[in-house]
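Working notes, structure below.
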Amino acid sequence: MGTAAVGTTAAGVVRGLAFLLGLVMGSFFNVVAYRLPLGRSVVHPPSSCPSCGTRLGPRELVPVLSYLLQAGRCRHCRARISPLYPGVELATGALFALVVTWYGLTARSLYALLLVSLLVITLRTDLERQVIPNTLVLSGLAGWLPLWLLAQPLSLGEALGGLVLGAGFFLLPALVFPQGIGGGDIKLAGVMGLYLGWRLTLVALLLAVFAGAAVAVGLLVTGRKRRTEAIPFGPFLVLGGLAALFWGEALIHWYVGRMGF
């Protein structure tokens, strides 16, 4: 077997292990997303069915597989299990694999994995409960400095510029329309900007606004939402942030090339 083949095989193994780790972490992220908005500990007591309270055994806690084998229902009370559970697990697995594909086994991967973890949990909490817990955002803020010092993925000025741009982008609209922009969105955008830097934060915000506007128009036109009903913006911020993390630089280069700068 040639050197190139060995390298390709090793890279595939690393991606596979990252995917499996992501599945396991996604299962934990589901617990965090469910308990954190309720003010409950994310480590105690052990996992149980939200409907009947029965403690879950090992065979009920296998990411994705348990959901499929149980046909999406609790083994004990037959209550339906939200498809968000396997969805979060699969998404986390795919994102973890994508991170190591992009950055390899480096400190930069750890930096990106923390941001990905923050965004995945945020997506679940905002979709399910329309809330972005302060504890979650503060955890992302606390984890930024040590990993930034370790990885040095961008300059301090770029990071602080991202923080100001992210939070500031929503601050004025929130002051003018306090019912339209949630405080959680402002904090999330600021912390996300700290990780991404101002250039990628700008990409993330633009993608989030365009995606949010497109979905909002679609929901209004189809009658699934009325003008007076709020649409959570956190999921669009998350998707914009993830897209910017992986493809933001390519989008910037494409745009600059198209404009002839």
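Scanning the range 34-69 for residues that are touching a His at 6+ places or on another chain (Cβ under 7 Å) and buried (at least 16 other Cβ atoms within 10 Å of the Cβ) yields a total of 1.
Tell me, yes or no, whether the range 70-77 has at least one residue that is open to solvent by less than 50 Å² (accessible area, probe 1.4 Å) and closer than 18 Å to L21 by Cα. Taking every residue of the range 70-77 in turn, none turns out to be open to solvent by less than 50 Å² (accessible area, probe 1.4 Å) and closer than 18 Å to L21 by Cα. Among the conditions (1) surrounded by 15 or more Cβ atoms within 10 Å (Cβ to Cβ); (2) of a type outside the set (K, R); (3) under 26 Å from F246 (Cβ atoms), T9 misses just one, which is (1). Between V31, V14, the distinction of being surrounded by 13 or more Cβ atoms within 10 Å (Cβ to Cβ), out of contact with any strand residue (DSSP E or B) (no Cβ under 9 Å at 6 or more places or on another chain) and either free of Cβ contacts under 8 Å to residues at least 24 places away in the same chain or at positive phi (or both) belongs to V31 only. Of all residues assigned to the range 52-65, at least one qualifies as being closer than 29 Å to S109 by Cβ, of a type in the set (V, I, T) and assigned to a loop (DSSP other than H, G, I, E, B).
Give all pairs with beta carbons closer than 6 Å in which a residue from the range 160-174 that is free of Cβ contacts under 8 Å to residues at least 60 places away in the same chain meets a residue that is of a type in the set (V, I, T) and outside any helix (DSSP H, G or I); count only pairs at least 6 apart in sequence or on separate chains. Final answer for the pair search is F170/I181; P173/I181; A174/I181. Before we move on, is G161 modelled with pLDDT of 95 or more, of a type in the set (G, A, S) and more than 30 Å from A11 (Cβ to Cβ)? So G161 passes the test. Among the residues of the range 239-247, is any open to solvent by 70 Å² or more (accessible area, probe 1.4 Å) and either of a type outside the set (A, V, I, L, M) or over 17 Å from the mean Cα position of the chain (by Cα) (or both)? Scanning the range 239-247 turns up at least one residue that is open to solvent by 70 Å² or more (accessible area, probe 1.4 Å) and either of a type outside the set (A, V, I, L, M) or over 17 Å from the mean Cα position of the chain (by Cα) (or both). Residues of the range 192-233 that are under 18 Å from G168 (Cβ atoms) and polar (S, T, N, Q): T201 alone. Residues that are of a type in the set (V, I, T), in contact with a Phe, Trp or Tyr (Cβ under 8 Å, 6 or more places away or on another chain) and free of Cβ contacts under 8 Å to residues at least 24 places away in the same chain do not occur anywhere in the range 116-125. Against the conditions (1) modelled with pLDDT of 85 or more; (2) assigned to a helix (DSSP H, G or I), S41 satisfies every one except (2).
Within the range 56-115, being in contact (Cβ under 8 Å) with a residue 60 or more places away in the chain and acidic (D, E) holds for one residue alone: E89. If the condition is being outside any helix (DSSP H, G or I), open to solvent by 60 Å² or more (accessible area, probe 1.4 Å) and closer than 25 Å to D126 by Cβ, then the range 78-99 contributes R80, P83.
The values are calculated or read from the model by the stated rules, or taken from the named source; none is laboratory data. What you see is a predicted model, and the numbers here were worked out from it, not measured in a lab. In this analysis, Cβ positions are derived from the backbone assuming ideal geometry, glycine residues included, and neighbour counts consider all displayed protein chains. Please note that ligands, DNA and RNA were not included when accessible areas were found on the heavy atoms of the full protein model with its side chains. Shrake-Rupley method; radii C 1.70, N 1.55, O 1.52, S 1.80 Å.
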